[in-house]
Amino acid sequence: MREIMALGYDNPEVIIEEALRSFHIQQLAIQESDSAVEVDTTLGFAELTEAEIIQENEQRWQTFQQTGSSVSQEQIASWAASLGSEKRS
C-alpha cells in the first residue's frame, strides 16, 4: 500500500482497490508458476509392480481370513479424530 500511496494515490478507497488488484495479479502469477511444477505422487510409496501389489493384497486378505482381525472404518475415524486432542504432561 505504501508503494501505491507513493504513486500519488490519496483516496483510501482507491488505495485499497489498487492494493487488492496488485495482490490478485501476484496470486495469479504464483498460480501459473505453481501449475508448471509437477507433483511426484510416488514419494513415500514403495516402488512395486502391479503383480507385487496384488500379491501383498492377497497376503493381507489371507491373514484376515485366518485371524478375523480387522479395524473398522468407525475405529479409524475415531482414532483420526482423537489425534492432537491428547493432553500432554
Label-point gap, in nm, between MET5 and ALA19 - each point 7 angstrom along Cα→Cβ: 0.9 nm
Pairwise label distance in nanometres, GLN59 with ILE76, each label 7 Å out on the Cα-Cβ vector: 2.0 nm
Anisotropy class of segment 42-89 from Cα gyration tensor, a/c 1.5 cut: oblate
Added length on full extension, which subtracts the Cα-Cα distance from 0.36 nm per residue, GLN26 to GLU52: 4.8 nm
Karplus-derived 3J(HN,Hα), 6.51/-1.76/1.60, for each residue of segment 62-73, Hz, glycine and proline x: 5, 4, 4, 4, 6, 9, x, 7, 7, 10, 6, 4
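Coordinate-derived values only; no laboratory data. Quantities reported herein were computed from a predicted structural model and do not represent experimental measurements. Here the Cβ is made from the backbone with ideal geometry for all residues, glycine too, and neighbour counts use every protein chain on show.
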